[in-house]
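Below is one structure, written out as structure tokens; comments come after it.
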Amino acid sequence: MTNNICKSAMKKLPALFILAVISLSGLVACVDNDFEDDAANSNFYTATKRTAAQFLDAAPERYSQFQATLKRANYYSLLTTYGTFTVFAPTNDAFNLYLSENGYGSVDEIPLEICDTIVRTHIISKGAFFTTDQEGDNNVLPELNMNDRFIEITSDSDVTNNNRMILRVNGDARLIQKDDSVTNGVVHTIDRVITASSVTLPDLIAEDTTTTLFSKALVLTGMCDSLRKYIDETYRCGDDSVYDGIPKRYGGQDRTAKYPEKRYFKYTAFVETDDVFRKRNINTIDDLIAYAKSVYDASFPGDAGLYDDDFTNRKNPLNRFVSYHLMDRIGSYGDWAPYGDILTQCCRPDIADAEDFWQTMCPGAMIRFCRANDELYANRKGHKRTVIDGCKGVRVLKALESTKYSKKRDAINGTYHYLEDILVYDVNVRDKALNCRMRIDATTLCADFMNQNARGHYGVETFTGMKNGYMTGWKTTKETFVAVHNDDPWWSSYLGNAVCVKGQYDVQFKLPTPPPGLYEIRLGYVAGEERGVVQVYLNNEPCGIPVDLRVGSWDPIIGSIADTGDEETDLANDKALRNRGYMKGMDSYGKPGATHFRKDAAEHLRRILTTVQIREGEDYWLRFRQVMEGDAEWSFDYIELCPKSVYANPDGEDRH
């Protein structure tokens with residue numbers, strides 16, 4: 001029988017090689033032996049019936065100290081059990097180096113709590129991830145390790161060996177043997193013990209000698225204190241909810257909702273190095289204060305000159321500058337705009353750049369991230385290599401580029417990314433880059449959806465329950481069930497995920513705040529017979545009549561007509577559909593191998609909810625109340641905030 005883990009590893013390898021491996025699968029496990037290593041240890045074939053623990057047992061001369069650490073921390077037995085693990089196994093030489101650097105005579109002298117941290121840092125318990133599974137430049141594995149941190153694999157050149165490619169794990173550790181398949185996962189061998197930072201995000205940034213100006217601004221504004229929370233000590237969840245899960249009937253199927261064991265507060269910072277500032281003649285904190293004032297007095301003219309000496313005031317220019325760089329959730333390079341398989345299989349980059357919109361920690365200031373030309377940009381507006389004047393955006397550095405500044409950017413409660421230029425919410429961002437239709441994925445509307453690792457499992461069916469009262473920016477009644485659902489790419493949901501709401505629910509959430517102006521607010525959802533009927537409110541004011549989530553484009557009430565190919569006819573049909581309060585799905589996204597949602601996803605709809613004048617300094621809450629009796633559902637896909645300049649454009653709104 002072919003090992004299922006092997007199938008995962010082979011999915012991106014050439015077909016002839018896969019055929020050859022399958023023919024041998026009864027004899028050997030999947031392992032890449034064509035990889036530089038010590039000559040005596042380069043060929044470690046593993047039997048398909050070996051667990052990760054047995055793999056380590058077979059080579060005590062190489063792994064005995066890691067085994068001893070596993071046993072001291074009571075995790076050795078875990079690797080003997082059924083499951084799917086990714087294990088990064090340090091060699092004995094790696095442990096000897098660690099012991100020497102930290103003043104320990106042996107593994108027995110390492111305090112138990114540190115042994116526990118070491119082990120949890122080296123194991124991912126929710127999947128087997130091979131080096132062949134990496135996608136593009138993201139480099140971060142899709143699941144956190146057992147210490148709830150990212151594992152990042154980057155490539156480098158060995159200048160001492162004809163520039164041969166080498167792989168590094170979290171910057172320091174070199175991957176010297178990779179992709180050893182075992183019955184319960186995969187083992188990678190590394191030449192250093194991975195050390196996890198125990199400091200909070202602002203302290204880690206302060207340790208970075210290349211970011212001294214940004215760090216000083218964090219301290220001066222007091223925003224460093226907003227980045228120190230880590231674990232919510234009030235959160236409790238029973239083992240049955242965490243490990244066994246709670247059975248739920250959803251979407252016509254029996255599912256199991258598993259809840260996060262802990263509730264974390266995590267953050268992401270986008271940071272300029274001192275070199276970036278110097279290129280703009282910003283060399284001191286006073287220079288940065290003056291620069292921030294020149295930008296934010298123009299962006300928020302009503303506050304100009306009122307808060308200049310109060311750096312902790314959220315309306316102070318330097319405070320706004322710093323907080324615009326901060327997010328109240330953790331995200332890797334691939335999390336801020338569609339990436340990987342979702343980008344290559346579902347997005348239509350020939351039609352529009354893939355993008356996401358986010359609320360920063362600067363009140364009233366959103367940020368637009370897009371994926372263009374295989375790069376991640378903040379506040380870029382355009383398509384492919386064409387940009388709008390003043391909206392070229394700021395590029396976010398990739399992992400390999402970042403290692404020349406610092407190899408450790410993951411703190412105990414967050415991470416940070418370097419920027420190629422200075423990031424600001426200036427007049428061009430406010431009036432141009434964000435003067436667009438903003439499609440905001442439902443799974444980004446709560447920081448907890450990301451901080452509890454519920455979002456982002458594209459192509460894997462997950463159903464993560466979220467406890468009422470523990471969702472930032474959300475209010476729910478006790479009758480409301482909320483889960484984050486990731487599913488098959490063929491699901492008719494944008495980005496292959498949705499927030500699933502169930503019960504006699506009543507739920508509301510805070511909207512991100514776009515620049516002031518008149519906006520149309522729309523709901524993107526997937527219709528189905530299990531769905532209910534909802535009354536929608538904005539700031540507790542009803543938004544028209546209830547919305548029936550059970551009816552799709554096929555229903556005469558909606559009256560959607562398929563595109564004919566005649567532009568004039570199709571525009572007339574779109575206008576008639578809008579008059580009934582609906583819009584078709586977008587043409588910039590579709591199921592793998594299909595055309596796009598506009599053409600071939602009749603169950604995917606946009607409902608126009610209301611029109612509102614967004615005012616600076618005000619909060620806006622959307623509320624959805626189930627008005628049917630019984631246990632109904634809502635597959636919440638996304639919200640659109642569309643300014644009048646777009647929806648009332650004389651030439652019509654684009655279909656993207």
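Brief remarks on what is shown
- Rounded to 10°, Cα long-axis angle of helix 92-102 versus longest principal axis of the chain: 80
- Over the chain: helical MRE at 222 nm, DSSP H runs n ≥ 4 each giving -39500 (n - 2.57), nearest 500: -5500 deg cm²/dmol
- Which listed pairs, of 266/510; 408/467; 229/381; 248/478; 398/432; 478/510, have C-alpha distances above 23 Å, in listed order: 408/467; 229/381; 398/432
- Simple Cβ-charge dipole of the chain, Lys/Arg +1 and Asp/Glu -1, about Cα centre, in debye nearest 20: 720
- C-alpha long axis of helix 212-221 to longest principal axis of the chain, angle in °: 50
- Cα centroid separation, segment 317-345 to segment 53-99 (Å): 35
- Normalised size of segment 314-462, defined as Cα radius of gyration per 2.2 N^0.38 Å with N residues, equals 1.04.
- What the chain shows is 41 Å² of accessible area per residue, with the surface traced by a 1.4 Å probe over protein heavy atoms.
- Gyration tensor over the Cα atoms of segment 404-494: the corresponding equivalent ellipsoid has semi-axes (square roots of 5 times the eigenvalues, largest first) of 29, 20, 17 Å.
- Taking all protein chains together and rolling a 1.4 Å probe, residue 651 ends up with roughly 140 Å² accessible.
- Principal-axis analysis of the Cα atoms of the chain puts helix 15-24 at an angle of about 50° to the longest axis.
- Compactness of segment 488-583 - radius of gyration and Dmax, Cα, Å: 15.7, 44
- Rounded, prolate or oblate (a/c below 1.5 giving rounded, otherwise prolate when a/b exceeds b/c) for segment 70-159 by Cα gyration tensor: oblate
- Surface share of carbon and sulfur [accessible, 1.4 angstrom probe, percent] for the chain: 49
- Computed with a 1.4 Å probe on the full set of protein chains, the accessible area for residue 284 sits at about 60 Å².
- A 1.4 Å probe over all protein chains sorts 474, 554, 634 by accessible area into 554, 474, 634, starting with the largest.
- Per-residue ³J(HN,Hα) for segment 233-246, Karplus 6.51 cos²θ - 1.76 cosθ + 1.60, θ = phi - 60°, Hz, x for Gly and Pro: 6, 7, 7, 9, 8, x, 4, 5, 6, 7, 9, 8, x, 10
- Our coupling estimate for segment 74-85, obtained by passing each phi through the Karplus curve with A = 6.51, B = -1.76, C = 1.60 and θ = phi - 60°, is 6, 10, 4, 5, 4, 7, 9, 9, 5, x, 9, 10 Hz, Gly and Pro reported as x.
- When the residues 392, 432, 49, 475 are ordered by accessible surface, computed with a 1.4 Å probe over the protein chains alone, the sequence from largest down reads 49, 392, 475, 432.
- Accessible-area ranking of 348, 164, largest first, probe 1.4 Å: 164, 348
The values are calculated or read from the model by the stated rules, or taken from the named source; none is laboratory data. The structure presented is a predicted model; accordingly, all values stated were derived computationally and were not measured. Positions of Cβ are backbone-derived with ideal geometry, glycine not excepted, and every protein chain shown enters the neighbour counts. Note: areas computed on protein heavy atoms with side chains; ligands, DNA, RNA excluded. Shrake-Rupley method; radii C 1.70, N 1.55, O 1.52, S 1.80 Å.
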